Amino acid sequence: MCIIVKVMKKSYILVLFAVMLLITGCDFFRKVVGRPTSDEIEVRRVAVEQDKAQKAELAREQARLDSLAEVKQRMMAAKEMEARDSLAAHTALKEKGCVLYDLSSLKGLASGELAHRYYLIVGSFRDAANADKFISKIAEDSAMEPVQVHFRTGMVAVGVCPRDKITQMVSVIDEVRTKSFCPKDAWILVNEQ
């Protein structure tokens, strides 16, 4: 009987151990041996995932900032190059004897706006009818896109070869000067006020 009692005691202990394991789970034993519980493991896992998400977001933001900095640097380099080209174009135009006038020095436009920044002015008239005749003559001679420019002073100028960059004007001025309608004192109108 002693053996049966011992076996039963061992059985009770095993059953009690199994019931305790079911009720308390592994966390009890983990706590007893000083290991992290499942709740602590979950908190650490969430913290690691949040840390990874933050690092990924920081990396995306840094990549965006790097991209913006690169674009800004390219734009500054392009502006610097354009400024150098513009300065070279002004020098080239002066060497060719071409003068530049802006709208403010000419008292501005009478009405409307010009579509482009630069125009080579090949004629100036007090009467708009004479400007129309001159434009007809230019249209017969070439495809120079003649335009009337009305100033507040009452003068009507005839401009050709509208361009948005001064460097483009350098390339067309020699061609226009070979045309019969172009006077030696043609000048460039700068459309800025």
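The values are calculated or read from the model by the stated rules, or taken from the named source; none is laboratory data. Source: prediction; values computed, not measured. Note: ideal-geometry Cβ built from the backbone for every residue, glycine included; neighbour counts use all protein chains shown. Note: accessible area is taken over every heavy atom of the protein model, side chains too, but ligands, DNA and RNA are not part of it. Shrake-Rupley method; radii C 1.70, N 1.55, O 1.52, S 1.80 Å.
Is there any pair with a first residue in segment 150-167 that is under 27 Å from A88 (Cβ atoms) and among the aliphatic types (A, V, I, L, M) and a second that is modelled with pLDDT of 85 or more and open to solvent by less than 20 Å² (accessible area, probe 1.4 Å) whose Cβ atoms are under 6 Å apart and which are 6 or more apart or on different chains, and what are they?
Final answer for the pair search is A157/I121; A157/V149; V160/L120; V160/V122.
Show the residue pairs that are 6+ apart or on different chains and have beta-carbon atoms under 8 Å apart, the first residue being within segment 56-83 and within 30 Å of Q168 (Cα to Cα), the second being surrounded by 10 or more Cβ atoms within 10 Å (Cβ to Cβ).
Partner pairs satisfying both residue conditions: E82/K165.
Output the residue which, of all residues in segment 129-150 that are assigned to a helix (DSSP H, G or I) and acidic (D, E), is modelled with the lowest pLDDT.
D141
Could you check segment 168-193 and list, in sequence order, the residues that are within 21 Å of A115 (Cα to Cα) and surrounded by 15 or more Cβ atoms within 10 Å (Cβ to Cβ)?
Matches in segment 168-193: Q168, M169, V170, V172, I173, V176, A186, W187, I188, L189, V190, N191.
Can you find a residue in segment 127-137 that is under 29 Å from T91 (Cβ atoms) and surrounded by 12 or more Cβ atoms within 10 Å (Cβ to Cβ)?
no
Would you pick out the residues in segment 151-179 that are at pLDDT 80 or above and of a type in the set (S, T, N, Q)?
T153, T167, Q168, T178
Grab the helices (runs of 4 or more DSSP H) fully contained in segment 1-111, keeping just those with 1 or more residues being at pLDDT 80 or above and loosely packed, with under 10 Cβ neighbours inside 10 Å.
Qualifying helices (runs of 4 or more DSSP H): 38-95.
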